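Structure, as structure tokens:
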Amino acid sequence: MKPILLQGHERAITQIKYNREGDLLFSVAKDPVANVWYSVNGERLGTYNGHTGAVWCVDVDWDTKNVLTGSADNSCRLWDCETGKQLALLETSSAVRTCGFDFSGNIIMFSTDKQMGYQCFLNYFDLRDPQQIEDNQPYVSVPCSESKITSAVWGPLGEFVIAGHENGEINQFSAKSGEILKKAKEHTKQINDIQSSVDLTMVISASKDCTAKLFDSTNLEHIKTFKTERPVNSAAISPIMDHVVMGGGQEAMEVTTTSTRIGKFEARFFHAAYEEEFGRVKGHFGPINCVAFHPDGKSYSSGGEDGEITI
């Protein structure tokens, strides 16, 4: 089968996300545009224009009504999915690194970077309260002074957020009080990506220490480890099989000195129970920055440093 190639970004892809039905694919990159595509044929449906810096993260709510993006222009923006109209603008003092809707679509969370003398914060907003949006005041703001958050997802039932940190820690932050409920320190280096399983019972973390690890969402118990010989930038859990897919590669700076084969830019498939690799898929001319399974489990997408997305 020939993959579908999507070319709508000028720079490296930072995140891709399917909606729940899987008919749409949202993509953001280190350019200011967020794109939405038909996943069946790769046709570009439209763009969300308004950011002025690299867009780090994107999320879409359960019924594909709203889209959330976070950017290096120090803002997190809420869009109407259908019209592309900007519904809300939340300004921050530093770049927004991760963002996400909870299960209901009413509460959003996003984390900011530790830079220019500002701390990393994890912010929670309730979209049902227009006053919070107007005043730009989250109902809970959690300072993360030790190590900044590099990736985060909502846990089951929207009770907490599972966040991966620069120092390799994974923490659960309560959505009501902001306190840390559970901690896990299984990785030795920065966590690049965290994704949850379709039923939210498990999360998989991808790290610079060349491993991806599977955890139980509720108690952060470490279940499995998948080892490679290069940094893992992203990992996803199949919704129908006991499979995980991982993408990564060397740093972009080191790539120029190696041939494409040695750079190892394939997406790699592992068996979730046996921890064994059983397949590789080529397709990118640079490290893979993000991977995502289609909700029906029959296909997957990957976005690379080369600015291309393959389905």
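A few notes on this one:
- Whenever a residue of the stretch 134-160 is without any contact (Cβ under 8 Å) to a residue 12 or more places away in the chain, it has no partner that is open to solvent by less than 70 Å² (accessible area, probe 1.4 Å) and assigned to a helix (DSSP H, G or I) lying with C-beta atoms less than 8 angstrom away and at least six residues away or across chains.
- Wholly enclosed strands (runs of 3 or more DSSP E) of the stretch 123-206 bearing at least 3 residues under 19 Å from Val96 (Cα atoms): 140-144, 149-154, 160-165, 169-174, 191-196
- So Val198, is it among the β-branched types (Val, Ile, Thr) and open to solvent by 40 Å² or more (accessible area, probe 1.4 Å): yes
- Residue check for Cys120: buried (at least 21 other Cβ atoms within 10 Å of the Cβ), farther than 24 Å from Pro295 by Cβ and over 16 Å from the mean Cα position of the chain (by Cα): yes
- Residue selected from the stretch 86-101 under the condition open to solvent by 20 Å² or more (accessible area, probe 1.4 Å) and not in a strand (DSSP E or B), by the criterion nearest to Glu159 (Cα to Cα): Thr92
- Qualifying residue in the stretch 250-264 (condition: at pLDDT 90 or above, open to solvent by less than 30 Å² (accessible area, probe 1.4 Å) and either part of a loop (DSSP other than H, G, I, E, B) or in contact with a Gly (Cβ under 6 Å, 6 or more places away or on another chain) (or both)): no
- Qualifying residues in the stretch 60-91 (those that are β-branched (Val, Ile, Thr) and touching a residue at least 24 places away in the same chain (Cβ under 8 Å)) - the one nearest to Tyr18 (Cα to Cα): Val60
- Any chance Leu214 is out of contact with any Leu (no Cβ under 6 Å at 6 or more places or on another chain), closer than 23 Å to Ile16 by Cα and modelled with pLDDT of 95 or more: yes
- Test: residue in the stretch 53-67 that is assigned to a strand (DSSP E or B), at negative phi and open to solvent by 50 Å² or more (accessible area, probe 1.4 Å): yes
- All positions within the stretch 268-295 that are out of contact with any His (no Cβ under 8 Å at 6 or more places or on another chain), surrounded by fewer than 23 Cβ atoms within 10 Å (Cβ to Cβ) and assigned to a loop (DSSP other than H, G, I, E, B): Ala273, Tyr274, Glu275, Glu276, Lys282, Gly283, Phe285, Gly286, His294, Pro295
- Extreme residue, most open to solvent (accessible area, probe 1.4 Å), among residues of the stretch 102-117 that are within 19 Å of Ile191 (Cβ to Cβ) and in a strand (DSSP E or B): Gln115
The values are calculated or read from the model by the stated rules, or taken from the named source; none is laboratory data. These figures come from a predicted structure and were not determined experimentally. Heads up, the Cβs are rebuilt from the backbone with ideal geometry, glycines too, and the neighbour counts pull from every protein chain shown. Quick note on the areas: whole protein, heavy atoms, side chains included, nothing else; ligands and nucleic acids left out. Shrake-Rupley method; radii C 1.70, N 1.55, O 1.52, S 1.80 Å.
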